[in-house]
């Protein structure tokens, strides 16, 4: 039953009023790229499809207060430089490692978004036979691409030639990632196609 | 040439004087178990043997100050519950995941050291075909054991029978880990023997 104000307008409580906003978030709109990936990882975990987590932001803790009868409070801490990429975990026995980047640029991905320590880490992961890539979202269109770390490293090493990767090159060397509702960023289907060479249908046996 | 004080006693500068203290740290004495594992991981990384890192402590950041001309300072933050184990990475293409625990107990390992979320995570990792284990150090003797997650989960599930794992059971179900100087905790040699069924000699081809 719809509850109405005296003026006839339907009443919506705060939690209900938020619901349409959530629906608008379909396909990632209104959500950060990071939130969309976190949601996708939670989905994969709940379906026992993969165990992939975002690493916590590394901080150097300097001072902690321990107030009586309440939780410890960190009163002084500093952000530390990460030494790895942001996401890693296991899928079908394989080590998965990736970084996620979003750009507001329409036609290219500026390489200043990628840092030295991330490239160093990617090289090490590839040497150990891990699966390593970068997910790139073009903010304006919502398109997400998976580009293998080997290609990303080549582009990074060739910055004396060009400071960004053309979107057409990302389309050529990378793979489009399906976006939707569950999961929002279905990068594992792309991983299947690229690294496991199994058909998408095979990976969808669970009925998703 | 030895430099001597007028009284004949040999001169040692600060950095040299520290050397014997460092030698005492051989086998982990004076270092925390975590520091020893970090050092071992740094060694493995530098030798291109594996890429394994400790995950940062997860914190919920509430307030950050951005002082002019200096680094951002976190002024209020709280410790969050971790949802995984502490260490993960890649070795020979395989996903490696483990937790490290030290006990001052001499004859058993109390299961209160292991938490629900860690067991849940271990189950998920095993389901995905990852290599998952717990490293246990007996503080008094410095002995380190690797016990596979499957065994640890069984002991955890049987807490109605016993609240701790007898050291003799750890010796039986687990594997002793060689400790030394480089690396301090050579758990990958144990991983080779248990999970890759290759000889230790094969894993030591790099001359270590």
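Every number in this text was worked out from the coordinates using simple rules, so none of it is lab data. Fair warning: this is a prediction, and the values are worked out from it, not measured in the lab. Here the Cβ positions follow ideal geometry from the backbone for every residue, glycine too, while neighbour counts run over all protein chains shown.
Mean per-residue shielding of peptide A:95-105 is 2, counting Cβ atoms of other chains within 10 Å of each Cβ.
Maximal additional length on extending the residue A:35-residue A:181 stretch stands at 51.3 nm, based on 0.36 nm per residue less the C-alpha distance.
Position residue A:115: other-copy label points at 2.6 nm, ordered by increasing distance, label point 7 Å along Cα→C-beta. Taking the square roots of five times each eigenvalue of the Cα gyration tensor of the range A:28-203, the equivalent ellipsoid has semi-axes of 29, 21, 17 Å, listed largest first.
Between the range A:47-122 and the range B:40-76, the C-alpha centres lie 9 angstrom from each other. Of the peptides B:42-55, B:178-191, B:61-74, the ranking by mean beta-carbon count within 10 Å, highest at the top, reads B:178-191, B:42-55, B:61-74.
The other copies place their residue B:57 label points at 1.7 nm from this one, listed shortest first, where each point is 7 Å from Cα along Cα→Cβ. Averaged over peptide A:44-52, the number of partner chain Cβ atoms lying within 10 Å of each residue's Cβ comes to 3. Label points for residue A:193 are taken 7 Å from Cα along Cα→Cβ. From this copy to the others they lie 4.6 nm apart, shortest first.
The mean count of C-beta atoms from other chains within 10 Å of the C-beta of residues in B:82-90, rounded to a whole number, is 5. Each residue, residue A:78 and residue A:42, gets one label point 7 Å from its Cα in the Cβ direction; the gap between the two is 3.4 nm. What length, rounded to one decimal in nm, is gained on full extension from residue B:115 through to residue B:69, with 0.36 nm per residue of separation minus their alpha-carbon distance? Once the chain is fully extended between residue B:115 and residue B:69, it gains 12.3 nm.
Taking every DSSP bridge with both residues inside the range A:28-203, close to 75 percent are antiparallel.
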